[in-house]
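J.: First the structure, which I've put down as structure tokens, then a few questions once you've had a look.
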Amino acid sequence: MAVLSRCSRAVTAATTPNAAAAKFSYLIRALSPFSSSSSSSSTFDADNGLNSRIKPAVLGTLKREPKDRNVQWVFLGCPGVGKGTYASRLSDLLGIPHIATGDLVRDELASSGPLSSQLKEIVNQGKLVSDEIIIDLLSKRLEAGEAKGESGFILDGFPRTVRQAEILEGVTDIDLVINLKLREEALLAKCLGRRICSECGGNYNVACIDIKAENGKPGMYMAPLPPPPQCASKLITRADDTEEVVKQRLRIYQAMTLPVEDYYRSRGKLLEFDLPGGVRESWPKLLHALNLEDEEHKQSAAA
Ligand code: AMP
């Protein structure tokens with residue numbers, strides 16, 4: 001409760017604009033060709049680390065054929081958990097845009113536009129950018145997508161505050177929120193090992209995480225995620241992936257974004273997914289949880 005009221009004080013202090021919210025509303029509606037409510041009350045056999053207290057209607061959407069689904073999904077999870085990796089794989093699989101607000105912020109930083117120096121200071125200290133700026137960047141991205149005929153979205157890094165979740169929920173019906181979870185010991189190492197291709201934006205990881213079993217807790221192994229040869233000489237490290245800043249981002253996640261998990265949990269939209277290890281083990285289990293295994297088989301058969 002104390003955390004929630006801290007959140008709302010922080011957000012009220014921010015200049016959350018009606019104008020930005022209205023623009024966001026228009027754009028999101030324009031991108032939502034289907035009604036996302038479902039009358040199905042069937043249950044889904046969720047296993048593989050899934051702990052679902054999900055509304056039957058939301059589970060019903062997971063049982064539909066992917067082509068009939070209204071994919072307006074959100075990825076939640078601590079910095080370093082792998083939201084970008086899994087959101088981008090799902091985006092490729094389903095042909096739905098992956099929109100990462102962190103990428104929008106970094107693009108703005110790189111553009112040397114009017115916001116650039118203000119954003120640099122905030123991001124490099126691991127702090128959150130104001131709701132106003134984030135909604136404006138997201139609106140512009142959605143507008144560009146609309147012009148290209150995009151439909152649906154997989155959001156990564158948004159919403160990050162309860163206020164952002166309220167704005168989003170006020171303008172569209174998010175179908176599903178996938179909450180990725182990973183053991184805390186692995187998060188810092190994964191952020192420090194993250195490398196980005198400066199040319200294609202691909203996300204790789206040089207960390208080899210090998211947590212030994214201890215006191216009844218199982219071990220965990222996560223192999224590095226090496227870049228393909230064409231990216232190997234172009235790798236960069238994010239300026240906010242230093243130990244001090246990652247620890248600050250983890251603290252901010254606990255204070256500002258953990259309440260967002262509760263927000264969606266109480267609305268029956270949160271699908272908890274405990275990552276069992278690296279991509280090789282986790283990806284098939286995530287596909288199973290999302291009832292998308294056939295989709296991947298179809299895609300690999302067509303390749
Ligand atoms: P990420 O790539 O998601 O880790 O985001 C990098 C940085 O961008 C964050 O540490 C924030 O400074 C900023 N950022 C990204 N998304 C948001 C958001 N939804 N709200 C506020 N700040 C954000």
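The values are calculated or read from the model by the stated rules, or taken from the named source; none is laboratory data. Keep in mind that what you see is a predicted model, and the values were worked out from it rather than measured. Note that each Cβ is placed from the backbone with ideal geometry, even for glycine, and that neighbours are counted across all protein chains shown. The accessibility values were calculated without ligands, DNA or RNA, using every heavy atom of the protein model including side chains. Shrake-Rupley method; radii C 1.70, N 1.55, O 1.52, S 1.80 Å.
J.: Please find, among GLU244, GLU184, the residue that is within 15 Å of the ligand (Cβ to nearest atom) and either within 17 Å of GLY126 (Cβ to Cβ) or in contact (Cβ under 8 Å) with a residue 40 or more places away in the chain (or both).
T.: GLU244
J.: Quick test for you: out of LEU93, LEU137, LEU142, LEU128, pick the one residue that is open to solvent by 40 Å² or more (accessible area, probe 1.4 Å) and under 28 Å from LYS181 (Cα atoms).
T.: LEU128
J.: Just to be sure I understand, how many residues within region 131-162 are farther than 21 Å from THR85 by Cβ, at pLDDT 95 or above and not aliphatic (A, V, I, L, M)?
T.: Adding up the residues that qualify gives 1.
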